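The values are calculated or read from the model by the stated rules, or taken from the named source; none is laboratory data. The shown structure was predicted, so the numbers you read here are calculated from the model rather than taken from an experiment. With ideal geometry, Cβ positions are generated from the backbone for all residues, glycine too; neighbour counts draw on all protein chains shown. Note: areas computed on protein heavy atoms with side chains; ligands, DNA, RNA excluded. Shrake-Rupley method; radii C 1.70, N 1.55, O 1.52, S 1.80 Å.
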Amino acid sequence: MRFLALEKLINLHDGYRRAVKVDQIDVLLLQEEGQLYIVQSRCPHQEQPLAQGDVENGVLYCPRHQYGFSLQTGAHLDGMCESLKTWTPVYEGNEVGILVAST
Ligand code: FES
């Protein structure tokens, strides 16, 4: 597995959001109530960027059609849509990132 750094820890805070593209992977980092989440940056419904979506009780709402996705599991609340891909944050030194398969 390979570590891909996404952000320095010092930059994280509640309300933090940033879409990042690393190695052809588009991810969205969000921090809410001290918890960092890493999810795919576009909605699985119709590709709407999710960075502007509202978060309420651990659910990220797409700004386009208001589909809600669990930030923990990525699952669509009503199961009518594909799930959001999620990654477990990995901490290395003063950075956070994700692990991806080695190529
Ligand atoms: S594009 Fe996100 S819910 Fe439709």
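Which residues, taken from region 45-65, are of a type in the set (S, T, N, Q) and either within 16 Å of the ligand (Cβ to nearest atom) or in contact (Cβ under 8 Å) with a residue 60 or more places away in the chain (or both)?
The answer is GLN46, GLN48, GLN52.
Yes or no: GLY74 within 16 Å of the ligand (Cβ to nearest atom), modelled with pLDDT of 95 or more and in contact with a Leu (Cβ under 9 Å, 6 or more places away or on another chain)?
yes
Pairs needed: first member in region 73-93, closer than 15 Å to CYS43 by Cβ and open to solvent by 100 Å² or more (accessible area, probe 1.4 Å); second member anywhere, part of a strand (DSSP E or B) and among the β-branched types (Val, Ile, Thr); C-beta distance under 8 Å; at least 6 residues apart or different chains.
Correct list of pairs: LYS85/VAL39.
If you take just the strands (runs of 3 or more DSSP E) that sit entirely in the chain, which of them hold at least 3 residues that are of a type in the set (D, E, K, R)?
Once the strands (runs of 3 or more DSSP E) in the chain are filtered for at least 3 residues that are of a type in the set (D, E, K, R), what remains is 2-8, 17-22.
Can you give me the number of residues within region 27-50 that are surrounded by 15 or more Cβ atoms within 10 Å (Cβ to Cβ) and closer than 17 Å to ILE98 by Cβ?
13
Six or more apart or on different chains, Cβ atoms under 6 Å: show the pairs whose first residue is in region 30-44 and within 13 Å of the ligand (Cβ to nearest atom) and whose second is of a type in the set (Lys, Arg).
Going by the 6 Å Cβ cut-off, the qualifying pairs are GLN40/LYS85.
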